[in-house]
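Single-structure report; data block below.
The values are calculated or read from the model by the stated rules, or taken from the named source; none is laboratory data. Owing to the predicted nature of the structure, the values given are computational and were not obtained by experimental measurement. In this analysis, Cβ positions are derived from the backbone assuming ideal geometry, glycine residues included, and neighbour counts consider all displayed protein chains.
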Amino acid sequence: MRKNIQAVNEKIQITNEEIDEAINKTKDIVKKSKWALKYHIMPETGWLNDPNGLCYFKGEYHVFYQYCPFDAKGGLKFWAHYKSVDLVTWDNLGIALYPDSESDRDGVYSGSALVEGEELYLFYTGNVREEGNYDYVLTGRQQNVICVKSVDGINFGEKKILLTNLDFPENFTLHVRDPKVWKENNNYYMVLGGRGKDNKGYVLLYESEDLMKWKLHSIPAGGVESLGYMWECPDFFNLEEKDILFISPQGIPAKGELYNNIYQSGYIIGSFHGDKDNFNFKEFIELDRGFDFYAPQTFKDNSGRRIMIAWMGLPDVTEYINPTIENSWQHTLTIPRELFIENEKLVQRPVSEMKKLRKKHIAFKTCINGDKVYSELKGQVFELKMDIEKLAGDFQLIMREDCKLTYILEEKMFKLSLGKSGYGRKNRSVKLDKLTSLWIFSDTSSLEIFINSGQEVFTTRFYGSDEEQGVKVNCNGIVSIDKWDL
Ligand code: FRU
C-alpha cells in the first residue's frame with residue numbers, strides 16, 4: 001500500500017522511508033520549539049491545514065488533517081491522523097493517506113468520514129495537476145472524489161474513484177472539491193464545494209444508495225453575487241431541527257468590521273424543504289471574528305453532540321506571519337467546540353472534556369473601579385473565565401503583554417487588538433449588544449476567546465511573551481474570575 005510518492009508536477013520522488021526519516025530528523029526541533037502548543041493538535045513537523053474525516057468510531061475520536069510533512073510553508077498534501085478517547089489527549093498515528101496513486105498524485109485534498117456499521121469510510125478529493133500550459137481553473141486539473149475503507153480505523157484499503165471531472169456539471173470550473181458525506185433516511189448524501197464558470201461559489205449535492213454509485217441530485221445553494229467566487233469545504237447538518245450549511249467562501253470583500261480575513265468561514269441557517277433541491281436562506285454569518293480560522297468541519301458523536309474543529313490558520317495570507325516557520329512547523333487546529341442554537345444563531349462552546357486539562361485553580365470575585373492588575377492570573381497556558389456584572393461604561397482587559405480585549409459600550413463593539421506579538425495581526429471587531437462574560441483558552445501561541453458563552457468567538461495565533469505582569473482589567477463593574485492552569 002505505501003508506495004513511492006510521485007509528485008509529477010514538482011518532479012519529486014520520495015519514498016515513505018525517506019519521509020519518515022525527514023520527520024524523525026526534525027520532530028525534536030518542533031517539539032522543543034518555543035511556541036509549540038501544549039493542548040492543541042499541531043503537526044509533528046511541517047505544515048497543517050484543514051481538519052478532515054472527523055468522526056467517532058468504535059469508541060474513539062478520529063481527527064485527520066491536511067498535512068505537508070517536509071515544508072512548513074505547505075506543498076504536497078497528505079492526510080495525517082490523530083485519535084483520542086476523550087477529545088483532549090491525542091495519539092499521533094502519523095500519515096494515514098499518501099498521494100500515491102495516479103488519481104491523487106498532487107495531493108490528498110480535504111474530505112470527510114462516515115461510519116457505517118463496522119467500517120469507517122473516508123471520502124476525499126484527489127488532486128491532479130496536468131503538466132503543461134494550463135490555467136488550472138478551466139483546464140489542467142483533475143478533481144477526483146475518492147473513497148477508502150477501514151475496519152480498525154488505522155489502516156485503509158484500496159482507493160476507489162467515485163466521481164471525476166466528467167461527473168460535474170458543464171457550467172462548473174475544475175474547482176469542485178471537499179466531499180462531506182452523511183446518511184439520512186437510508187440514503188447517502190454528499191456536498192461538494194465549487195466554483196461556477198460564472199465565477200460564483202456553489203454547493204453541489206450528490207446522492208447514493210450504496211456509497212459507491214453517486215449521482216447529482218441538485219445545486220441547492222450558490223450563485224450569490226455577494227458571497228464570492230468559490231465555496232470551499234462545505235458541511236451540512238441538522239441541529240435542533242434547523243438545517244445548517246457551512247461554507248468557506250473565497251472572494252468576499254471586507255465590509256466594515258465584517259469579512260476582514262483573506263477568506264471567510266461561516267454558516268447559513270436555512271431549510272431544505274424535504275426535496276433538497278433548494279436550500280432557502282437569508283444570511284451568511286461568520287463563525288469566528290479572529291485572525292486565524294478556516295475550513296471548519298463538524299461531526300456528531302455517540303452522545304449526539306455536534307462538534308466542530310477548524311483550522312487555526314488561513315491560506316494565502318501575506319499581512320501576518322507565524323514565527324514557528326523558523327522551527328520547521330506551521331499552524332494548528334482549534335480545540336473541539338460543541339455547537340448549539342440560541343436565539344436563531346449558532347453558538348460555540350469548548351467541549352466539556354476540556355475540564356480534564358484543568359490544573360491549579362484560582363477563583364475570586366472583585367469589584368473594579370478603574371485599573372487593576374492581577375499578577376496571580378499570569379501565565380501562557382491557561383483557561384480564564386470572567387463573568388461581568390453591573391458593567392457601567394467600557395471594559396478592557398490586557399494580557400500576555402500586548403493582547404487587548406476592549407468593549408466600547410457606546411459603539412456596542414467588541415475589539416481584539418494585538419501589538420508586536422501578533423506578528424502583523426492588528427485589529428478585529430464585532431458588534432455586540434452587551435458584554436456579560438469572557439472565556440479564554442490560552443495556549444503557548446494561540447488564543448480562543450468565547451464571548452457571552454460562545455455567542456461570538458475570536459480565534460488567533462499570538463506570540464505574547466511570558467514576562468507580562470499579569471492580567472490588567474479596566475472597567476467599572478463586578479467581575480467573578482476563575483482561572484485554571486492547563
Ligand atoms: C481549504 C483547501 C481545500 C482543499 C485543501 C487542500 O483550505 O483549499 O479546498 O481541499 O485546502 O489542502
Practice task
Would you mind stating whether Asp443 is of a type outside the set (S, T, N, Q), out of contact with any strand residue (DSSP E or B) (no Cβ under 9 Å at 6 or more places or on another chain) and modelled with pLDDT of 95 or more?
Solution key: no
Completion exercise
Within the stretch 272-287, of all residues that are closer than 18 Å to Gly228 by Cα and charged (D, E, K, R), the one surrounded by the most Cβ atoms within 10 Å (Cβ to Cβ) is Glu286
Problem - Residue check for Glu131: acidic (Asp, Glu) and either touching a residue at least 24 places away in the same chain (Cβ under 8 Å) or in contact with a Gly (Cβ under 7 Å, 6 or more places away or on another chain) (or both) - result: yes
Exercise for the section: Please name all residue pairs, on different chains or six or more residues apart, with Cβ atoms under 6 Å, provided the first residue is in the stretch 286-301 and is within 21 Å of Leu416 (Cβ to Cβ) and the second residue is of a type in the set (Val, Ile, Thr) and within 16 Å of the ligand (Cβ to nearest atom). Expected result: Asp288/Thr459; Gly290/Thr459; Asp292/Thr459; Phe293/Thr459
Handout entry: Scope the stretch 372-408; condition of a type in the set (A, V, I, L, M), within 12 Å of Asn476 (Cβ to Cβ) and surrounded by 15 or more Cβ atoms within 10 Å (Cβ to Cβ); matching residues
Key = Ile388, Leu391
Completion exercise
Note on Ser303: of the conditions (1) away from the ligand (no atom under 16 Å from the Cβ); (2) small (Gly, Ala, Ser); (3) at pLDDT 95 or above; (4) not in a loop (DSSP other than H, G, I, E, B), unmet is (4)
Practice task
Tell me which residues, restricted to the stretch 219-260, are under 23 Å from Phe458 (Cα atoms), of a type in the set (Gly, Ala, Ser) and surrounded by fewer than 22 Cβ atoms within 10 Å (Cβ to Cβ).
Solution key: Gly251, Ala254, Gly256
Practice task
Can you run down the residue pairs with Cβ atoms below 7 Å, 6 or more apart or on separate chains, where the first is in the stretch 24-43 and under 14 Å from Thr332 (Cα atoms) and the partner is among the charged types (D, E, K, R) and not in a loop (DSSP other than H, G, I, E, B)?
Solution key: Leu37/Asp443; Lys38/Asp443; Tyr39/Asp443; His40/Asp443
Handout entry: Single unsatisfied condition, Arg195 versus (1) away from the ligand (no atom under 16 Å from the Cβ); (2) modelled with pLDDT of 95 or more
Key = (1)
